[in-house]
Amino acid sequence: MFASVLQTLTILMPAAASLTGWGRTRQGSVTVTALTLLFAIDLLLWGLPAGEALVTAGMLYLDELSIWLLPYAALIGCALVVYTPRKDRSPALTASLLVSLSIDLAFFSLKWAPALAFLWVCSHIPLWAALPHDRALRRILLLFLGGGCVLFLAGVATGNLALLLAGVLMRKGVIPVHQWLPELFAKAPIPHVLAFCAPQLGAYACVRLVVPSASPSMLLGLGTLGLVTSLYGACLAFAYKDVRRVFAGIFMGQTSLVFAGLQCTSEAGLAGGLTLWLSGGLALLGLGCTLWGLETRRGPQDLSRFHGGFERTPRLAAAFLLFGLAAVGFPGTVGFLSEELLLEGTIHTYPHVGILVAVTAAMNSLTVMRAYFHLFCGSARQYLPSQGLVFREDAALTALLLPLLLFGLLPQTVISSRWKAADTLLAQRAAAAKHYQVLR
Amino acid sequence: MMLALSKASLVAVLGLQGLAFLAFCLTAWLRRSPSEKLTGRLIRGVYALTFSSSLLAGLSLLASGQSAARIHLGDLVATREYQFNFILHLDGLSLPFLLLCTLLCGVVAVFSEKYLHREPGFHRYFLLLCLFGFGDCLTVLAGSIETLYFAWELIGLASALLIGFFHERPGPVNNGFYVFTVYRISDFGLMMAAITLFSVFGTGDFHTALGSSLWPHGDSNLARGTATLVGFCVLLAAMGKSAQVPFSNWLPRAMEGPTPSTAIFYGALSVHAGAYLLLRFSPLWQDAPAVSACIFGIGLVTAVRANLVGRVQTDVKCRLAYATLTQVGIIFAEIGLGFRLLPVVHCLGHAVLRSVQYLRSPSLLHEIHELRSTLGEQAIRRQQALSPAHYQAAFHGYYLEALLQRIVLEPLHRLCDALTRIDQTIVRILGGAPRN
């Protein structure tokens, strides 16, 4: 009872605050998102020692899979609200971030398909409202994301898994329907892009609605697409010069590895994919925030020359490198173990193509280093005063770094929990496979 | 009792450097970097204790009458099917390398204190030195392949960042990136070896995979085909780290870093890490004769090429780099021929000699000028000149870099560019934007 009340409060609080004037102020939004994060952590601490299906009150549902997703979404929302620079801050942006947070939290707390479909559509609204007046961009997003929504709704309405999966793939930016992702990253405001993409609602929809009842061949296709997309994203990031597009390529490459994990037949691979969802998401969010901070200071950046300025922003440079390396799974971060597990699982499932996980990670790490060297090294063309991190940036980046490093050194808790979630998923998949065998 | 002391000393070796690294990170993040004087004291204290601990570890191991010590530091993760073990292993191979690492790190740390006085990146340098020292000690002490891989990546990162230490110039930064690229290829090889061992044994523990007999003895428990596969993966990792052909070009490029770090990493520790890896996996080579032959061949080719290219270098550090490559190539050839103790002695002697030469290289010019002014031109012995065609080929490193550029990098870039063009064409068509 207590847990369901707390969960309801966690979900509704940001949306309610966005309706009030105080909630849209900096102080109000920071307080509300911090409280939301606190409640979500409280739910996590309460729920971790318990068994499966921790909350099943009404439509709300909380189990081993979603228990980490609530603090994850809350941290994303809180970090974005706190990090927002003064020049970008507006009541509209704050309200949009708060509404997005509520939608994400609600999405991760449900498993009833119609409710998920409703929230799926709603999650597009804050992004759409913030898009610049770029006709080409709007048209592309309408085509891909709008098409994805239609397919998802049709899938839920008809119970057709293929349609559902197609909708999910469009939202996740998986090959061959990925073209919108670099465009969105390049042209839309960074906070809205991060709030829309970082939680990875597509992965949740896939795990909740598709994976438990998908046929083995469908899962095989999903995993293969995930692997190919990850390599494709890494190649795009390798070739692009525009920093935002480079970031989009890395994002595409690392997040689609989650799908590669979902098709694994071993617990290790599945648990690796689920952990990578959290670790990659937070690290990429941090990387996005550092890019946002850099753009606020210097304007749009590209990698065609060395920009210099390390000595003016040493901690921003360090944060960029740390988040970048955490995203590609460097030792000492939680991403390291998740990639290890994922690699073992994918190679166990597909000895020949599983190697793509390692290739993607290697290529993305090269891109991260290339970006770091070009953005922060070399001699600056003009003298600029010190542009160190201000307190709000410091707080947001530290809050994002802490779990990445802490769970990198002490990963047992998070891996065990993901392992249990993987167990449950594998059991559901086994039941589905049996069902398909009977049908055949 | 003595064995316990040895184990505690090993933990101290890693713990001290790890704590120093964390302390530097934390103070830098909190904008509370200590003064140069305090940093110097801290680093001297850390490395004095580290070297003493490693010495104590060795002595207590000898006193205990045992030939090896194993420490299970704990599991990073332990589940039903997967364990990531941190295992340390001290034996006849790791002890000399550990002593070498802690001694050289300490000497170079003291040298760097003066060398980098008032340099803007003073603290950054020591932060990276501690990271490298930690990574290298963990590499030589690793008792499982996952521990080794963990440390291997840390060495690569620290090296690349130290080469790009003078980051305001594009040259060092580009070279740092080049080295990082080669190291990632090397990491890839080690990762594949780790995954193969995991899939065969379910663990990366060297005792299980390479037998529990004392080094250099031991029988690998792998089938011939698997041993060959793992062997080639390990060889790829070693080639990258030790700059063997075709990855030789990173070593001269690494000379852009600060001289003390060049001395310790590329003259001594990092460049011999590949040889150490091959020696650690030596029980594997008797089951993988094809890999042994490749090790010998690659080492020989590297040594000959480095010797010829080194003759046309005009810069003292580059010349030393090629001299280093020649010796490391010979060490590889020795390992390929089946020697075990000889390469260890060769590595240790070469590392110490080369470090001293690198450290003295900045003052070498002064000494040559003094020699010339005192004794005249005949004081400097000149090498026999190469023929013009030979000179040109050697000057271009026998076109190895150009070849790699043409057959690997250019096609990769073309492929990536083609993918972006395809995407942009689709976006243009769907977005309804004009062609230009």
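Taking only the alpha carbons of the stretch B:280-434, we obtain Rg and Dmax values of 23.5, 79 Å in that order. Think of it as helices only: each DSSP H run of n ≥ 4 in the protein assembly as shown is worth -39500 (n - 2.57), and spread over all residues that comes to -23500 deg cm²/dmol at 222 nm. Compute log10 of I(q)/I(0) for the stretch B:261-306 with the Debye formula, placing one identical point scatterer on every Cα and leaving out solvent, at q = 0.17 Å⁻¹, to two decimals. After summing over all Cα pairs, the log10 values are -0.60. Decide, for the stretch A:197-259, between rounded, prolate and oblate: order the square roots of the alpha carbon gyration tensor eigenvalues as a ≥ b ≥ c, take rounded if a/c falls under 1.5, and otherwise choose prolate if a/b is larger than b/c, else oblate. Verdict is oblate for the stretch A:197-259. Remark on chain B: ratio of C-alpha radius of gyration to 2.2 N^0.38 Å is 1.05. Per residue of B:73-82, other chain Cβ atoms within 10 Å of the residue Cβ number 6 on average. Counting only other chain Cβ atoms within 10 Å of each residue's Cβ, the peptide A:233-245 averages 3.
The 3J(HN,Hα) values that the Karplus relation (6.51, -1.76, 1.60; θ = phi - 60°) gives for the stretch A:233-240 are, in residue order, x, 5, 5, 4, 4, 5, 8, 5 Hz. Gly and Pro appear as x. With θ taken as phi - 60° and the Karplus curve 6.51 cos²θ - 1.76 cosθ + 1.60 applied, the whole-hertz 3J(HN,Hα) list for the stretch A:110-117 is 10, 9, 7, 4, x, 5, 5, 5 Hz, x standing for glycine and proline. Quick one: net charge around A:Val228, please, counting Lys, Arg +1 and Asp, Glu -1 for every other residue with C-beta under 15 Å from its C-beta. For residues surrounding A:Val228, the net value is 0. What does the C-alpha gyration tensor say about the overall shape of the protein assembly as shown? Classify as rounded when a/c is under 1.5, otherwise prolate if a/b is larger than b/c, or oblate. Prolate. Above 30 Å, the calculated P(r) of chain A contains 38 percent of its Cα-Cα pairs. Beyond 16 Å, what share of the Cα-Cα pairs of the stretch B:41-80 remains, rounded to the nearest whole percent? Of all Cα-Cα distances in the stretch B:41-80, 58 percent exceed 16 Å. Short-range pairs are left out: with C-alpha atoms under 8 Å and at least six residues apart, the relative contact order of chain B is 12 percent. Extents of the stretch B:53-151, largest first, come to 52, 36, 16 Å (Cα atoms, principal axes, whole angstrom). As a proxy for reagent exposure, B:Leu22, A:Leu97, A:Leu153 were ordered by neighbouring Cβ count within 10 angstrom, fewest first; the result is B:Leu22, A:Leu153, A:Leu97. What is the distance, in nm, between label points placed 7 Å from the Cα along the Cα-to-Cβ direction at B:Val356 and at B:Glu410? Calculated label separation equals 4.6 nm. In this structure, the residue pairs whose Cα-Cα separation is over 21 Å, taken from A:Lys87/A:Lys187; A:Lys87/A:Lys241; A:Lys111/A:Lys172; A:Lys111/A:Lys420, are A:Lys87/A:Lys241. Peptide B:188-195 has a mean shielding of 4, counted as Cβ atoms of other protein chains within 10 Å of each residue's Cβ. Note on the stretch A:356-429: semi-axes of the ellipsoid equivalent to its C-alpha gyration tensor, largest first and rounded to whole Å, are 37, 20, 9. When peptides B:328-341, B:285-298, A:337-350, A:245-258 are sorted by average Cβ neighbour count within 10 Å, with the highest value leading, the order is A:245-258, A:337-350, B:328-341, B:285-298. Expressed in units of 2.2 N^0.38 Å, where N is the residue count, the Cα radius of gyration of the stretch A:1-143 is 1.10.
Sorted largest first, the spans of the alpha carbon positions of the stretch B:157-227 along the three principal axes are 51, 24, 18 Å. Translational diffusion coefficient of the stretch B:140-293 at 25 °C, 0.890 mPa s, Stokes-Einstein with Kirkwood Rh over Cα pairs, in µm²/s as a whole number. Here the translational diffusion coefficient equals 155 µm²/s. Phi angles across the stretch B:7-20 convert, under the Karplus curve 6.51 cos²θ - 1.76 cosθ + 1.60 with θ = phi - 60°, into 3J(HN,Hα) values of 5, 4, 5, 5, 4, 5, 4, 6, x, 4, 5, x, 5, 4 Hz, Gly and Pro given as x.
The calculated FRET efficiency for B:Leu30 paired with A:Ala433, based on their beta-carbon distance and R0 = 41 Å, is about 0.15.
Between A:Met1 and A:Thr398, how high is the FRET efficiency from 1/(1 + (r/R0)^6) when r is the Cβ-Cβ distance and R₀ = 30 Å? Nearest 0.05. Plugging the Cβ-Cβ distance into 1/(1 + (r/R0)^6) gives 0.30. In loop segments of the stretch A:1-102 as defined by DSSP, the trypsin sites (Lys or Arg not before Pro) with at most 10 further C-beta atoms inside 10 Å of their C-beta are A:Arg86, A:Lys87.
Label-to-label distance for A:Ile125 and A:Ala34 is 2.9 nm, based on points extended 7 Å past Cα in the beta-carbon direction.
In terms of the Cα gyration tensor, with a ≥ b ≥ c the square roots of its eigenvalues, is the stretch A:310-440 rounded because a/c is under 1.5, prolate because a/b exceeds b/c, or oblate? Judged from the Cα gyration tensor, the stretch A:310-440 comes out prolate (a/c at least 1.5, a/b above b/c). Note that the stretch A:296-339, at 10 °C in a medium of 1.306 mPa s, gets a Stokes-Einstein diffusion coefficient of 131 µm²/s from its Kirkwood radius over C-alpha pairs. Restricted to Cα atoms, the stretch A:184-294 shows a radius of gyration and a Dmax of 14.4, 45 angstrom.
Would you list which lysines come within 28 Å of B:Lys114, measuring only between C-alpha atoms, while excluding same-chain residues fewer than 8 positions from it? In chain and number order, the partners are B:Lys37, B:Lys317. Per-residue Cβ neighbour counts within 10 Å put A:Thr224, B:Thr196 in the sequence A:Thr224, B:Thr196, beginning with the fewest. As a proxy for reagent exposure, B:Ser35, B:Ser261 were ordered by neighbouring Cβ count within 10 angstrom, fewest first; the result is B:Ser35, B:Ser261. Normalised by the number of residues in chain A, the mean separation of alpha-carbon contacts (under 8 Å, six or more apart) gives a relative contact order of 16 percent.
Every number here is computed from the coordinates shown, using simple stated rules; none is lab data. On a predicted model such as this, the values are computed, not experimentally measured, just so you know. So basically every Cβ, Gly included, is an ideal-geometry build from the backbone, and we count neighbours across all protein chains shown.
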